[in-house]
1. Distance between the C-alpha centers of the stretch 49-86 and the stretch 267-325? Whole Å please.
2. Take every Cα pair under 8 Å in the stretch 257-490 that's 6+ residues apart, average their separations, divide by the length, and report that relative contact order as a whole percent.
3. Need one number: nm distance between label points at Asp314 and Ile357, each 7 Å from Cα along Cα→Cβ, rounded to one decimal.
4. State the label only: which of (i) 157; (ii) 172; (iii) 185 corresponds to volume of the Cα convex hull per residue in Å³ computed from the shown model?
5. Using DSSP, restrict attention to beta bridges with both residues in the chain and report what percent are antiparallel, rounded to the nearest 5.
6. Helix check for the chain. Which DSSP H runs span at least 15 Å along their own axis by Cα, with a mean Kyte-Doolittle hydropathy no less than -0.5?
7. Counting each DSSP H run of 4 or more residues in the chain as -39500 (n - 2.57), what helix-only mean residue ellipticity at 222 nm follows after dividing by all residues, to the nearest 500 deg cm²/dmol?
8. With a ≥ b ≥ c the root eigenvalues of the C-alpha gyration tensor of the stretch 5-239, is it rounded (a/c under 1.5), prolate (a/b larger than b/c) or oblate?
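FYI, it's all coordinate maths here, none of it is from the lab. This one's a predicted model, so the numbers in the text were calculated from it and none came from an experiment. Ideal geometry is used to build each Cβ from the backbone, glycine not excepted, and the neighbour counts take in all protein chains shown.
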Amino acid sequence: MEYPIALELRAVSKRYPGMLAVDGVDFELRSGEIHALLGENGAGKSTLVKLIAGSFTDYTGQAAIGGKDVTLHSPAASKAHGIEMIHQELSLALPLSLAENILAGRLPTKFGFLDRRAMREESKELLLQVGLTLDPDMLVEEISQPEAQLVEIAKALGNHPRILIMDEPTSALSREEVARLFDIVRKLRETGLAIIYISHHLPELREIADRVTVMRDGKKVTTVEMSEVTSAQLVDMMVGRSVSDFYAHRNKGAGEERLRVESLYRFGFFHDISFSVRSSEIVGIGGLSGSGRSEVARSLCRLDPMDSGQVFVDGVVSASRSYGDAIREGFAYLTEDRKGQGVALRLDIGDNVLAGIVGRLSGIYSPAGSSGVVDEMIARLQVYPPDASRTVGNLSGGNQQKVLLAKWLATKPKVLILDEPTRGVDVGAKVVIHRAIAEAADQGVAVLLISSDLPELVGLSDRVLILRNGHLIGQLDKSNCTEESVLLAANGQGELLPV
């Protein structure tokens, strides 16, 4: 059965100063379908869905809802036409209850007073629609990130949308949580809801989407049934070239021991962690959510405390007491929280790249006087646009991630710790970031790689350490490291080598 057209865009365009972000795009969304929107960072996907959600008053072209031409010049106008958008960065108010968040802007009243009973009942019903049995009186800050993602969906469903836009809804979810979300999304599709689904994870899109529209450089490349196209073909369409070598070949074998960790403890988080990493070696850290991967990394570079243990760099015991000390000793830590703890969104590319080495610059700090370093990093990471004065907050997510990596590579670290280095970035940006990581290792850097992207973890790592419930239970070397073996090991199954 083919459902009617829910949304049609005809030759829509949106221009930013000096840039045509969306260029004459035609787009069609059917009721009762999940329609994937795919493209590299900067391809125009986010601008297109923001246009649909009413973020711009100056777009050109025409939009139609249910066959009738409409003007989507404000979020209120889009909501009035049944359009709801769930953003990648959640918009819930942490100190408020689930019920207050879900019914924000339309709290029920009785005789002029807030009807708390009706508020609880309606929010509880909406939570059940997304598979949650949480108490509506709980505060958002008391629930997990995956639960918060589902609360966002419940909030959107409360407005009875005809069109739902989901922007990277699985970026912080485990495989089990993704499967649960997909069950919910499929049930929503069965009700006739039209869903636009944005993700960089091709396996997910192939599993969930009925059709896919590919964008590149602000233009629509094609719209095709998902069942009629291969992943390789989609990648070629996205980047405009064949990506035959996704993981860069390494040019140099591992050298002398650069990092050694002995009996590291942080009570309640991880216990008796010991391992070493040699120069020019990439060592992955695998494990399920809550296994202690990020906690170990943050303690190594003194962002979080450690209760006992020793850390050695080039055979010398680390005396660091703070993150600043660790940076001076040669550590660099790329956080998984790019916007919250990584880049300074209001500063320009140049200031961000130099942020880790300001203390080393002689004389008065001057971005202009350090332009050589900035230009080198912009070229090396292929940051777009290649303009050091461009504000980082105005860049796409993939280019923000490149700037963050550039900042730490500019410090010329001895030990580079990467926590989810390609989360939420497209295929093209992944290739650039992977090559930069491999080049850093070839130059003698010891790399620790934490990634929930199993193909990335397996493809880049020389060996993978496995953490489970805060304990280092063994490792997999290159010869027996596969996605399946990592997943089995993380679940306490399969054979592991001693560390």
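1. So the separation of the two Cα centres works out to 49 Å.
2. Relative contact order, the stretch 257-490: 30 percent.
3. Label-label distance for Asp314 and Ile357, simple model: 1.7 nm.
4. Answer label, from the structure shown: (ii).
5. Around 55 percent antiparallel, to the nearest 5.
6. Helices meeting the span and hydropathy rule in the chain are 145-157, 397-409, 427-442.
7. -9000 deg cm²/dmol
8. prolate
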